[in-house]
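> Dumping the structure here so I can ask a few things about it.
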Amino acid sequence: MRYRLITAALLAALSMPALAQDAEEESGPLAFNVGIVSDYVFRGVSQTNEGPAFQAGMDYTHDSGFHAGVWA
């Protein structure tokens, strides 16, 4: 029992650096994203005949807080 307690304490101590946040990076106003999903479903109906789907998107963020995005 003592061995498990020590092991749990060591694992908890070693995981603490993982909670630290990185400094916020300066990024441009455009962000791009892609995804491969197992099935694209819209309103309960498969749009890809129950096959995989590829999705891509782009987001624009202005310093004022305005945000717009598009995906296909």
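> Based on what the data block shows, is A53 modelled with pLDDT under 85 and touching a strand residue (DSSP E or B) at 6+ places or on another chain (Cβ under 9 Å)?
Details: modelled with pLDDT under 85: no; touching a strand residue (DSSP E or B) at 6+ places or on another chain (Cβ under 9 Å): yes.
Spelling it out, it is not the case that A53 is modelled with pLDDT under 85 and touching a strand residue (DSSP E or B) at 6+ places or on another chain (Cβ under 9 Å).
> Can you name every residue in the stretch 43-72 that is over 30 Å from P29 (Cβ atoms) and acidic (D, E)? Spell out how you get there, then give the answer.
First pass over the stretch 43-72, keeping only residues over 30 Å from P29 (Cβ atoms): 43-52.
Listed by number, the list holds a single entry, E50.
> Give the stretch 7-38 a look and list any residue that's farther than 21 Å from A68 by Cα, modelled with pLDDT of 80 or more and loosely packed, with under 10 Cβ neighbours inside 10 Å, or say none.
Residue satisfying the conditions is I36 alone.
The values are calculated or read from the model by the stated rules, or taken from the named source; none is laboratory data. Just so it is clear, the model here is predicted, and its values are computed rather than measured. Cβ coordinates were reconstructed from backbone atoms using ideal geometry, including for glycine residues, and neighbour counts include every protein chain displayed.
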